[in-house]
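J.: Structure in structure tokens, see below.
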């Protein structure tokens, strides 16, 4: 027997109150999500003060545009998309070139990569990702940590799918090289 499930956001009451301008509801929403959103910002901008600013701007934008939230996804997912976009905007303000690749060129790995080959500790992999150049770090963070697929990343970064796939392949290879050097004292679990 297949049960139909209607998606209902557990915070719908608070969201409705935010739509009506309740600062108390906004504060409650903020308390529910600020830690996760701050951590998302920090993974992108790598500076705690800037991450705090970006997070605050994202919350303000979310509350200003709360009427555009349609409930098709959870409020947290909708807010995270705003946070990611604001974080990328902050990186662009630093004149970050997120697309250093030639649009028409693609790279095909000569050796197949087995994602399950080595099981690294998550914290140490994040440390290694954090040491990569911004363009690689952004691609890996969006895909591996934030869970976006290549097509979504292409939309977010305004890049072609081919450029995203190529950049991701290069970033993954660079990450693998870093991990293999044991620079981060990675060990198999």
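Readers should treat all values here as calculations from the given coordinates under stated rules, not as data from a laboratory. This one's a predicted model, so the numbers in the text were calculated from it and none came from an experiment. Glycine gets a Cβ as well: all are built from the backbone with ideal geometry, and neighbour counts include every protein chain shown.
J.: In nm, what is the difference between 0.36 nm times the number of residues separating residue 12 and residue 32 and their Cα-Cα distance?
T.: 5.9 nm
J.: Separate question: Between the stretch 7-71 and the stretch 127-148, what is the C-alpha centre distance in whole Å?
T.: The stretch 7-71 and the stretch 127-148 have Cα centres separated by 23 Å.
J.: Once you sort the root eigenvalues of the Cα gyration tensor of the stretch 122-180 as a ≥ b ≥ c, which label holds: rounded (a/c under 1.5), prolate (a/b larger than b/c) or oblate (the other case)?
T.: Details: a/c = 2.32, a/b = 1.68, b/c = 1.38.
Verdict is prolate for the stretch 122-180.
J.: Put a dot 7 Å past each Cα toward the Cβ at residue 94 and residue 22; how far apart are the dots in nm?
T.: My value for the distance between the label points is 3.8 nm.
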